[in-house]
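Okay, so here's the structure we're looking at.
The values are calculated or read from the model by the stated rules, or taken from the named source; none is laboratory data. Everything quoted here is computed from the prediction, not taken from an experiment. Because the Cβ atoms are built from the backbone with ideal geometry, glycine has one as well, and the counts that use them run over all protein chains shown. SASA here: full protein model, heavy atoms, side chains in, ligands and nucleic acids out. Shrake-Rupley method; radii C 1.70, N 1.55, O 1.52, S 1.80 Å.
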Amino acid sequence: MPDGEPDDDHAPISVQQAKSLFANWKAAPALVLAVSGGPDSLALMWLAARWRRALSRGPRLIAVTVDHGLRPEAAREAREVKNLARHLDLPHRTLRWNGAKPKTGVPAAARAARYRLLAQAAKASGATHILTAHTRDDQAETLLMRMLRGSGIAGLAAMARETERDGMRLARPLLEISKAQLVATLSKAKIAFADDPTNRDKNFTRPRLRALMPALAAEGGDARNFARLASRLARANAAVEILADGAERYLALQGSGAQAGFDADAFAALPEEIRVRLLKRAIDRCGHEGPAELGKVEALLAALDRAVAERQPRWKQTLAGALVSLIKRRIHIEAAPRRRGRRA
């Protein structure tokens, strides 16, 4: 919660608080607002428009709605967003996710399509950032999902206030705000919002976890505490990343080209968390099959540690399109030969 505001999770957001929420992006030339028609994103658009009007100079705001083509109501909801955007004197675009939809993994595929389309709209509009309406409630659910998957510290830090995705900066100005506050803000402004039934569909993980939140809150595990935990883990992760940076310089890790390498004995002397991070960095840098999974990196490190401890003269293993080898007490990481049938 920004300084100077009452700690009330059900109070409408004031004009002063809105100024604080969006202050980081005051100098941007243009911002894309991701607006679905639900309460969170409509509140984002409403608050951003009020903030922009209060500035003598500020970024252009462009509202963008993505219609995934998964619900018949989506087209009508996009039109309602357009009407509100017009009332707020904001340009609006509706983008559609065309083509065949996957039979499994629909939420992840829809999310990837949404960000891809938003990034295209942002680039076309000259925007530097895409603003989404993720809330403290979303942060708590994300932390729970990642805990259940056994994520590492970086994953448990959950969502950051600003990140990069699809070549654009992705910003979340409402990450410390409760969903209840956004609903109260819309109620005060007399703005109706859509109710997406998929948010309650227990065929998906997030709605199932959402249904558990009242019981967890009764035991002290409310959204505020989960979000606080994510913030503390983000702080710890940032500290460990600085240590990993120092270790990387110490080992003189050469990763700008097609390969990387470092002394096996110096590497073995580092703490395990640092070694995991350095190995993952090198694999992600040199590999050609996307980011390596943390659990697989940990398993590879365990095998590498055994080879180093046993002073094996040669050892090698591939992961995520990278070849990791041990040759004469030096660890090498380079691009692995591509598998047959895979495109270059």
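Quick look at the numbers
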{"item": "Label-to-label distance, nm, for residues given as Asp166 and Arg208 (7 Å Cα→Cβ offset)", "result": "2.8"}
{"item": "Ala236/Met145 FRET efficiency (R0 22 Å; Cβ-Cβ; nearest 0.05)", "result": "0.70"}
{"item": "Extension reserve of the Asp8-Ala299 stretch, reckoned as 0.36 nm per residue once the Cα distance is removed", "result": "100.2 nm"}
{"item": "Residue-level accessible surface for Trp315, protein heavy atoms, 1.4 Å, Å²", "result": "40"}
{"item": "Computed over the stretch 1-143: relative contact order in percent, which uses C-alpha pairs under 8 Å that are six or more apart", "result": "30"}
{"item": "Cβ crowding within 10 Å averaged over residues, with 135-147, 99-111, 205-217 ranked highest first", "result": "135-147, 205-217, 99-111"}
{"item": "Expected-Rg normalisation [2.2 N^0.38 Å, Cα atoms] applied to the stretch 219-320", "result": "1.28"}
{"item": "In the stretch 292-339, the trypsin sites (Lys or Arg not before Pro) that fall in loop regions by DSSP, at most 10 other Cβ within 10 Å", "result": "Arg311, Lys328, Arg339"}
{"item": "Point-charge dipole on Cβ atoms (K/R +1, D/E -1) for the chain, about Cα centre, debye to 20", "result": "1360"}
{"item": "Amide H partners (placed H, <5 Å) of Arg169, local residues excluded", "result": "Ile130"}
{"item": "R0 of 25 Å, Cβ-Cβ distance Gln317-Tyr250: FRET efficiency to nearest 0.05", "result": "0.55"}
{"item": "Which listed pairs, of Lys82/Lys190; Lys19/Lys190; Lys82/Lys202; Lys179/Lys202; Lys103/Lys179, have C-alpha distances above 24 Å, in listed order", "result": "Lys82/Lys202; Lys103/Lys179"}
{"item": "Accessible carbon and sulfur surface of the chain relative to its total accessible area, %, 1.4 Å", "result": "51"}
{"item": "Computed [θ] at 222 nm, deg cm²/dmol, the chain (DSSP H ≥ 4; -39,500 (n - 2.57); rounded to nearest 500)", "result": "-15000 deg cm²/dmol"}
{"item": "Built amide H within the under 5 Å cut-off of Arg93, gap 5+", "result": "Ala63, Val64, Thr65"}
{"item": "Built amide H within the under 5 Å cut-off of Ala292, gap 5+", "result": "Asp284"}
{"item": "Accessible solvent surface per residue of the chain, calculated while the other protein chains remain in place, 1.4 angstrom probe, Å²", "result": "53"}
{"item": "Those lysines that a straight Cα-Cα span of less than 18 Å connects to Lys280, excepting residues fewer than 8 apart in one chain", "result": "Lys296, Lys316"}
